[in-house]
1. Mean residue ellipticity at 222 nm from the helices of chain B, using -39,500 (n - 2.57) per DSSP H segment of n ≥ 4 over the full residue count, to the nearest 500 deg cm²/dmol?
2. Could you identify which residue out of A:Leu220, A:Leu109, A:Leu166 has the top mean-square fluctuation in a GNM of chain A using Cα springs shorter than 10 Å?
3. Arranged by the count of other C-beta atoms within 10 angstrom, fewest first, what order do A:Val126, A:Val298 take?
4. Net charge around B:Lys131, counting only other residues with Cβ within less than 13 Å of its Cβ (Lys, Arg = +1; Asp, Glu = -1)?
5. Which Cα, out of A:Val245, A:Thr163, A:Ser211, lies furthest along the positive dipole direction of the range A:38-303 (beta carbon charges, K/R +1, D/E -1)?
6. Return the inverse of the average 1/r over all pairs of distinct C-alpha atoms in the range A:38-303, which is the Kirkwood hydrodynamic radius, in Å to one decimal.
7. Counting only C-alpha contacts under 8 Å and six or more residues apart, can you give the relative contact order of chain B as a whole percent?
8. Can you flag which of B:Lys110/B:Lys148; B:Lys148/B:Lys218; B:Lys42/B:Lys148; B:Lys117/B:Lys165; A:Lys122/B:Lys110; A:Lys135/B:Lys110 are past 24 Å Cα-Cα?
Amino acid sequence: MNTQSNVEPESPSSLNKPPAASASRAMYWSIRRELWENRSICFAPLAVAGVVLLGFSFSAIQLPQRRRAVLMLDEVHQRVAIQMPYDIAAAMIILAAFIVGVIYCLDALHGERRDRSVLFWKSMPVSDLTAVLSKASIPMLIMPPLIFVVIIATHLIMLLLSTVILLMSGLNAPTIWPQIRFLPPPLVLVYGLTVIVLWHAPIYAWLLLVSGWARRATFLWALLPVAIGIFERVAFGSSHFGSFVRYRLIGWFDEGFIPPTVSGAHIELMQLTPGKFLSTPGLWIGLAFAAGFLAAAVRLRRYRGPI
Amino acid sequence: MTVIEARGLRKVFGTSIALDGVDLRVDEGRILGIIGPNGAGKSTALNAILGLTPYEGELRVLGRNPWTERALLMRDVCFIADVTMLPRWMRVSQVLDYVAGVHPRFRRAKAEGFLAKTAVRPASKVREMSKGMATQLHLALVMAIDAKLLVLDEPTLGLDILYRKHFYDSLLNDYFDHKRTIIMTTHQVEEIQDVVTDILFINRGRIMLNCSMEEIEKRYLEVMAHPEHVAAARLLAPIHERQVLGRSILLFDRADRFQLAALGEVRTPSIADLFIAMMGNEAGESQGAAV
C-alpha cells in the first residue's frame, strides 16, 4: 500500500487507496463528463440509424417485387442485392461516427479554454494527462463499441422489418430466412471498426493537438494538410501529399481487407487480413504520430490558459 | 506550518516582467489579501501558486512544487478564479457527481446542505444561473472540500453588494477555522479590510508591503491636521499627504502617537488609503522603493 497517503490518520478512506485506483476513478469521471457535455456522441449515430431505418421502411414497400426479381439472379448476385442495404446502413453509421469524432476532437481542448472552464477542471485533482487521454478515448475507445451496438441493432430491425413484409406478401419463409446468413458477420464488423480506429488514431490525435494549440479557427488549422496538398498540386504539379492524406483516410481498407471480387459484395471472414494490416508500416508510423501528437497536447494543456 | 514559501519568484511575459523576484511566506491559519493595481502581478502570482503557469525561482505550496505536482496539490488546494469558470453546460447535480467522483476530500452531503439554503436547484444548469447563484454553487463546492489552502482571485467580481457581503460572511463563519489558509486578490479593498489577517501590496511584480493587520495598526497613523499645525506635521516626514474638504490628511509610518495627537485627530488609516498612499508615491517615484 501507499505509505505516503497514510500519514494523516483522519484522512478519508478514499485517500488511502493506491494511486492507480484514484487515477482510474479520475479517468472514469472525466470520460463521463465528456459524454454529459457532448451528447451528440450518442445521439448522432442513433439519429443516422433512425434515418437509415426510415428510408429502409419506405423502400420496403416495394420489397416483395424486388425480392422476387432478385431470386431470379444467380447465388452471388442474389447475395449482393440482398446485402447492399445492410452494408449501406453500416457505412452511414460509421461515417457519421467519424464526423462526430472529428468535430468533437476539434472542440475538446478549445472549448474549455474559450469558456474558461479549463480553470475549473484544473482546480480538480485530475492531471493533464488524464484529461487529454479521457478526451482521446472518446473517439478511440468509447465510440467504436457504441456504434457496433447501434449497427447490430439497426441490422436486426431491418431484418425483422423485411421478414414481416415478405411474409405478409406471401413469400414463404424458407426463401426469406436464409438471408440471416447474408448479414455481415459481427466479427467482420468488430475487426473493421478496430482497423478503422487504429488507422484513424493519428487523425484524432492531430485534431486534439490543433484544438489545444489554436487560439481560434480550429477548423481551418485542422485542414492544413489539405491546404498543403493543394499547394503542392499547384506549385509542383505533383500530389504526394494529397495521396498521403487520402491514404490516411481510406488506406485501412486496402491494408486490412482483400477487396471483394464482385463489386458491392460483402466482406467475408476469409477476406480479413489482420497479418497484413499489423505488418503495414503505415499503421505503426500512424500510431507513433498519434502518441506524439497526444504527448504534445498534454504539454500544451499544461502551459495554455484560457483564451 | 508554512503553507506557501516563495524565494526569488520571477515570471516574464515577453518584455514585461510580471513577477520580479518575489519572496513570500504564508503560514497556516492566515487570511492574506493581495492588493495591487491592474497588471501588478497578482494573478500571475496566484497562477504560479496554483500550478497554472511555469516560473523561475523557488516555490513550495504545502511542500509541493505546484508546476510539476498540480494534480496532487489540488487535493489540498481549492480555487475560485472568478464567477465565470464553472462549465456553463453543466447541471448542478452533474457538478456534484463529478466533484464527488474525482475529489477524495469532497463531502457531497455538506455541499447539498449549503445549496439547500440557496435558490440553486439540482436540475438547474450553470448557464441559467445568475452570477450570484453560480458563485454560491462554487462556494458550496469549495466549502464541502476539506482543503488546506483556498485561493480566491477576484471572487466577487461582478456581484451585487448583497452577494458580496454573503460571500465573505460564509467564508468567515462557515469555512475559516484557523487551520485553513486563504489567499485572495480583489479590487474591492474596503470589503476585505475586516476579513484578512495579513495584507500584501504588490506593484510591477514587486512586493511593496507585506505585514499583518496588527502591525499595520501599530505602524501606520493618519492625522487630520489642524490648519495651523500642517506645517509642523509636514516636518515629521509623512509618507503621504492628501486634501479632504480643504483639510490636510497626513500619513505616517512609525510615528509617535502622542506627538501626532497634538497636531490633529489621529486614527489608523484604512487599507485603501494606505494603498493609495504607497502606490501614489510609487507613481511619483518619490519614496516608494523605501517601503
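1. Rounded to the nearest 500, it is -8500 deg cm²/dmol.
2. A:Leu220
3. A:Val298, A:Val126
4. -1
5. A:Ser211
6. The Cα-based Kirkwood calculation yields 20.8 Å.
7. Normalised by residue count, the contact order of chain B is 20 percent.
8. Going by Cα-Cα distance, B:Lys148/B:Lys218; A:Lys135/B:Lys110 fall outside the 24 Å limit.
Any read-out appearing in this document is the output of simple, stated calculations on the displayed coordinates, not a laboratory observation. What you see is a predicted model, and the numbers here were worked out from it, not measured in a lab. Positions of Cβ are backbone-derived with ideal geometry, glycine not excepted, and every protein chain shown enters the neighbour counts.
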